[in-house]
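Shown next, in structure tokens, is the structure this report addresses.
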């Protein structure tokens, strides 16, 4: 019975936003350095499969609020267990469809989504609700049609691109 439940969860995850490819460990410090460039209070990671980016940001910025929202039940359960073993007061883990959230509350959005999903699901909501000075950090994938200010962080050919968009 448990195996069938896990298979159902994996199928749901597989057909959701994108295949699971985690952010590289070596890029966590790069992302944190980008955050140091501007003032912010709330970091919001949306559906990225694991919580390592949020955990790293929360651990290195204890005075800030970090919220990780996951849609996959499997990743949510795994992260809740990991959080129980390594809690941080400024990190919240939520099982929720982030597209039903009010995006006007947040300063920084971190996503690692495929371009099509960024364009069709996230862009319309952010254009409507995002604060004028908020930022979107998109790991690896560029959002080509957005007309907002874009900064690309790619220090050399051996690292992946990090795109930062500002309204």
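The values are calculated or read from the model by the stated rules, or taken from the named source; none is laboratory data. These figures come from a predicted structure and were not determined experimentally. No Cβ is skipped: glycine too gets one built from the backbone with ideal geometry, and neighbour counts run over all protein chains shown.
Residue-by-condition table, conditions (1) under 14 Å from residue 111 (Cα atoms); (2) modelled with pLDDT under 95; (3) touching a helix residue (DSSP H, G or I) at 6+ places or on another chain (Cβ under 8 Å):
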residue	(1), (2), (3)
37	no, yes, no
40	no, yes, no
47	yes, yes, yes
52	yes, yes, yes
56	no, no, yes
61	no, no, yes
64	no, no, yes
Count - residues of region 36-57 that are more than 16 Å from residue 138 (Cα to Cα) and buried (at least 23 other Cβ atoms within 10 Å of the Cβ)
0
Residues of region 112-129 classified as surrounded by 14 or more Cβ atoms within 10 Å (Cβ to Cβ) and either at pLDDT 90 or above or in a helix (DSSP H, G or I) (or both), total
10
Qualifying residue in region 55-74 (condition: part of a helix (DSSP H, G or I) and more than 27 Å from residue 153 (Cα to Cα))
yes
Among what's in region 17-35 and is exposed (fewer than 14 other Cβ atoms within 10 Å of the Cβ) and at pLDDT below 70, pick the residue that is farthest from residue 58 (Cα to Cα).
19
If only one of 94, 143, 137 is farther than 16 Å from residue 23 by Cβ, under 14 Å from the mean Cα position of the chain (by Cα) and outside any helix (DSSP H, G or I), which one is it?
94
